[in-house]
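Derivation of every value follows stated rules applied to the coordinates shown; laboratory data play no part. Predicted, not measured: the structure shown is a model, and the values here were computed from it. Please note: Cβ atoms are built from the backbone with ideal geometry, for glycine as well, and neighbour counts cover all protein chains shown.
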């Protein structure tokens, strides 16, 4: 009987030490943020507003080629690292962004190269260069309780997995300033995300 009692007590201590997924802890918050970044942390250039292939008139190309953050500047930066190719071509003349004139003019057409297709995402039409991952949990605030609902703010540092070498090129970081900021901020720049308590444990808001 004493042996059985000792084993039961030891088992209870072990379960307590392991903790619950609903506990307020660095481990649980870390697991929630890690899960969120694995699903939502892909880093992309933000080209979702362009239509591939990208076409620009000759006049627009000349006017904007020296502006690194214009569409032309971005395309030229991507061409410099062989993610897109730019070729002279006859393109449709447009009025207010609508292809309705039926007239052809000289311009330039940019298309994703074979190398670029490795980073291109058909859904969203964007080019991506890495994935955010959890470096460490810095702190948390809360949880705040509203009846049965609980939410906490988690501050963390990130690292970048599978970072594409071309994303570190100066022409890319000039055309896409945010890329350089994100790369520079790895393991240094604090981020904050909210987590909520569910029946399965702590979960990052926006996971779905």
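Stretched out fully, how many nm does the piece from residue 26 to residue 133 gain, at 0.36 nm a residue minus the Cα gap?
Numbers: separation 107, 0.36 × 107 = 38.52 nm, distance 1.58 nm.
36.9 nm is the gain from fully extending residue 26 to residue 133.
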- Take the chain, connect every pair of alpha-carbon atoms lying under 10 Å apart with a spring to form a Gaussian network, then pick out the residue of 26, 171, 76 with the largest mean-square fluctuation. 26
- Estimated FRET transfer efficiency when R0 is 25 angstrom, pair residue 161-residue 199 (beta carbons, to 0.05): 0.25
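Could you calculate the contour length gain from residue 174 to residue 50, that is, 0.36 nm times the residue separation minus the distance between their Cα atoms, to one decimal place in nm?
42.8 nm
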- Estimated inter-spin distance, residue 111 and residue 141, nm [label 7 Å along Cα→Cβ]: 5.1
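Could you tell me which of rounded, prolate or oblate describes the range 43-142, using a ≥ b ≥ c as the square roots of the eigenvalues of the alpha-carbon gyration tensor, with rounded for a/c under 1.5 and, failing that, prolate when a/b is larger than b/c and oblate otherwise? All intermediate terms of the calculation are to be shown ahead of the outcome.
Working: a/c = 2.51, a/b = 2.22, b/c = 1.13.
Prolate shape, in that a/c is at least 1.5 and a/b is the bigger ratio.
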- Considering only 20, 57, 70, give the residue with the highest GNM mean-square fluctuation for the chain, with springs between Cα atoms whenever their separation is below 10 Å. 20
- Label-point separation (nm) for residue 187 and residue 103, each offset 7 Å from Cα along Cα-to-Cβ? 5.7
- Among (i) 98, 46, 38; (ii) 52, 36, 29; (iii) 93, 35, 28, the entry matching Cα extents along the principal axes in Å as calculated here is (iii)
- Task: Within the range 31-69, which residues have the backbone N less than 18 Å from the label spot 7 Å out from residue 207 along Cα→beta-carbon, could you tell me?
- Result: 31-42
- Note on the structure: To the nearest 10 degrees, the tilt of helix 2-18 (Cα long axis) against the first principal axis of the alpha carbons of the chain is 30
- Message: For the chain, what does the helix formula give at 222 nm: sum of -39500 (n - 2.57) over DSSP H segments with n ≥ 4, over the residue count, nearest 500 deg cm²/dmol?
- Response: -9500 deg cm²/dmol
